[in-house]
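Derivation of every value follows stated rules applied to the coordinates shown; laboratory data play no part. Please read all numbers here as calculations on a predicted model, not as lab measurements. Cβ coordinates were reconstructed from backbone atoms using ideal geometry, including for glycine residues, and neighbour counts include every protein chain displayed.
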Amino acid sequence: MHRLALALVLGALQAGAALALDDTVTVTLQAQNASGQNGSATLTPQGDATRVVILLGNAPQGVAQPAHIHLGQCDQLDPAPKWKLEAVRDGQSSTLVPVPLDRLLKEQAAINVHKSAEEVQVYVSCGNIAPAM
C-alpha cells in the first residue's frame with residue numbers, strides 16, 4: 001500500500017514538473033503610432049531556448065516588419081535590440097531565441113515591432129514581457 005501511495009506521489013510530482021516546463025507566457029502587443037497593429041506574442045520554453053510566436057492584426061501584406069526583444073519597457077526601450085526576432089510577415093513571426101524563458105522573465109524587457117526595414121525608427125506595436133503572476 002505504501003509503495004502504491006509513493007508511486008502516485010512521485011508520478012504527480014513528475015507530471016507537475018512536466019507541466020511547469022510546458023508553461024507559456026502571453027505578451028499583449030499594443031498598437032503604437034496609430035498603426036492599429038494590436039496582437040500577442042506567445043513565449044514557450046524549449047529547454048535552454050524560448051519559442052516566440054508573434055501574431056499581429058492589421059499588418060500590411062507583403063511587408064517584412066523587423067521585430068526584437070529590447071531591454072527596458074515599452075515606454076522607455078533601450079534602442080539597441082537585445083535579441084533579434086524573425087521579421088513579422090503578413091502578421092506572423094516565429095523565432096527560437098537562444099535564452100531560457102525564466103531568464104527572459106527576469107529581464108526588464110519588451111517585444112517591439114517596427115514599421116519596416118526602411119522605417120525601423122517607427123514602432124508599430126510593443127508589449128512588456130512580465131513574469132506570470
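How long is the gain from residue 90 to residue 23 if the chain were fully straight, where each residue apart is worth 0.36 nm and the alpha carbon distance is subtracted?
Answer, rounded to one decimal: 21.4 nm.
Given H placed 1.01 Å from N in the peptide plane, which residues other than close sequence neighbours of residue 125 have an amide H under 5 Å from its amide H?
32, 113
Counting other Cβ atoms within 10 Å, which trypsin sites (Lys or Arg not before Pro) in region 20-119 have at most 15 and lie in a DSSP loop?
Sites meeting the loop and neighbour criteria: none at all.
Could you tell me the convex hull volume per residue, in Å³, taken over the Cα atoms of region 24-129?
78 Å³
Stretch residue 64-residue 105 to full length: gain in nm at 0.36 nm per residue minus the Cα-Cα span?
12.1 nm
For region 94-133, what mean projected area does the convex hull of the alpha carbons give, in nm²?
Result: 3.7 nm².
What's the exposure ranking of 35, 116, 93, going from fewest to most Cβ atoms within 10 Å?
116, 35, 93
When a footprinting reagent is the concern and you count Cβ atoms within 10 Å, what order do 85, 96 take, fewest first?
Ordered by Cβ neighbours within 10 Å, fewest first: 96, 85.
Using a Förster radius of 35 Å, what is the FRET efficiency between residue 48 and residue 117 based on their Cβ-Cβ separation? Nearest 0.05, please.
Using R0 = 35 Å, I get an efficiency of 0.75.
So how strong a dipole does region 24-129 carry about its Cα centre when Lys and Arg Cβ are +1 and Asp and Glu Cβ are -1, to the nearest 20 debye?
Using only the charged Cβ atoms, the result is roughly 120 debye.
Using each residue's phi in region 91-107, evaluate 6.51 cos²θ - 1.76 cosθ + 1.60 at θ = phi - 60° and report the 3J(HN,Hα) Karplus result to the nearest Hz, with x for Gly and Pro.
x, 9, 7, 9, 9, 9, 8, x, 9, x, 4, 4, 5, 4, 6, 7, 6
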